[in-house]
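The values are calculated or read from the model by the stated rules, or taken from the named source; none is laboratory data. As the structure is a prediction and not an experimental result, all values here were calculated from the model. Here the Cβ is made from the backbone with ideal geometry for all residues, glycine too, and neighbour counts use every protein chain on show.
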Amino acid sequence: MAEQTTVNRDAAIKQQLLTPQGLLEQFNLPPKVIAFMRRHQRSIWTAVVVVVVSFVTISGYTTYQELQETKAASALDAALVAQKDRKHLLEKVTQEYGGYAAGRWAKIELANLYVQEEQRGKAIALLEELNDTLSPDMPLKPLVLSRLAGLCEAENQTDRAISFYTQLSGNEWFAAEAYRALGRLYEQNGKKEEAVAMYEKYLEMSGVQGGQEKADPIRELIQSRLGQLKK
């Protein structure tokens with residue numbers, strides 16, 4: 001009887017050794033985990049495939065973006081150093097790489113060329129198009145707003161200039177100059193109260209902290225204008 005039991009046990013062990021184990025068993029995972037994974041293996045593999053494909057896609061897109069940035073920068077450099085057809089080359093950069101940093105700088109350079117050619121209207125339109133694509137925290141935003149405001153002021157488009165200067169005043173680094181410009185525009189248009197308010201904001205923001213103010217001809221001029229407006 002004991003001999004029969006031994007034979008049965010040996011047969012069971014032999015059967016176990018001969019039975020091929022799956023990959024999950026080789027990882028010594030708990031039986032319940034193995035059962036769960038096998039029961040839901042299709043869903044698990046689908047999720048794995050989605051993750052892998054997403055990773056490959058993102059990696060490929062990042063590489064493509066970097067390549068495009070490099071090509072855009074090279075195209076901008078070529079346009080800036082060109083002795084002939086500079087405007088045409090800059091226009092080409094804005095058309096092909098408008099969404100990249102080099103493309104944005106190309107628009108600014110192209111706008112400067114338009115101004116030199118006395119085509120301020122085209123410069124304003126191009127900078128407005130660029131401004132609409134810039135978020136408030138982008139370094140180019142205040143530079144473009146300042147340029148737009150100045151061009152509109154030169155073209156006697158006072159309301160638009162005021163609008164751009166008002167937007168510019170939201171940037172702490174440009175706020176003082178924006179308030180001074182707003183004060184000047186309001187004064188020129190006979191809006192004394194608005195001019196006074198803007199000039200006062202300019203003086204407040206441009207003051208030197210610590211009580212040791214240096215001679216500043218611009219501040220002195222604004223103080224003089226305030227005195228005239230308050231009479």
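Here are the numbers for the structure shown:
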read-out: Matching option when the condition is assigned to a helix (DSSP H, G or I) and modelled with pLDDT under 95, among Leu113, Leu145, Leu151, Leu134; value: Leu113
read-out: Residue check, Ser224 closer than 29 Å to Ile124 by Cα and of a type in the set (S, T, N, Q); value: no
read-out: Among the candidates Ala154, Ala178, Ala195, residue that is surrounded by fewer than 18 Cβ atoms within 10 Å (Cβ to Cβ) and closer than 25 Å to Leu229 by Cα; value: Ala154
read-out: Restricting region 129-151 to residues that are of a type in the set (D, E, K, R) and surrounded by 19 or more Cβ atoms within 10 Å (Cβ to Cβ), the residue that is farthest from Gly170 (Cα to Cα); value: Arg147
read-out: Test: Ala161 is within 30 Å of Leu229 (Cβ to Cβ) and in contact with a Ser or Thr (Cβ under 7 Å, 6 or more places away or on another chain); value: no
read-out: Pairs where the first residue, in region 162-189, is over 22 Å from Glu128 (Cβ atoms) and the second is outside any helix (DSSP H, G or I), C-beta under 9 Å, 6+ apart; value: Ala176/Ser169; Tyr179/Ser169
read-out: Considering residues of region 166-207 that are assigned to a loop (DSSP other than H, G, I, E, B) and small (Gly, Ala, Ser) only, the residue nearest to the chain's Cα centre (by Cα); value: Gly170
read-out: Residue within region 93-109 that is over 22 Å from the mean Cα position of the chain (by Cα) and modelled with pLDDT of 85 or more present; value: no
read-out: Qualifying residues in region 57-77 (those that are of a type in the set (A, V, I, L, M) and either more than 23 Å from Glu129 (Cβ to Cβ) or within 18 Å of the chain's Cα centre (by Cα) (or both)) - the one modelled with the highest pLDDT; value: Ala73
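Results for (1) β-branched (Val, Ile, Thr); (2) without any contact (Cβ under 8 Å) to a residue 24 or more places away in the chain, shown as yes or no for each residue.
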{"position": "Arg104", "(1), (2)": "no, no"}
{"position": "Tyr114", "(1), (2)": "no, yes"}
{"position": "Ala123", "(1), (2)": "no, no"}
{"position": "Glu128", "(1), (2)": "no, yes"}
{"position": "Asn131", "(1), (2)": "no, yes"}
{"position": "Ser135", "(1), (2)": "no, yes"}
{"position": "Val144", "(1), (2)": "yes, no"}
{"position": "Arg147", "(1), (2)": "no, no"}
{"position": "Leu151", "(1), (2)": "no, no"}
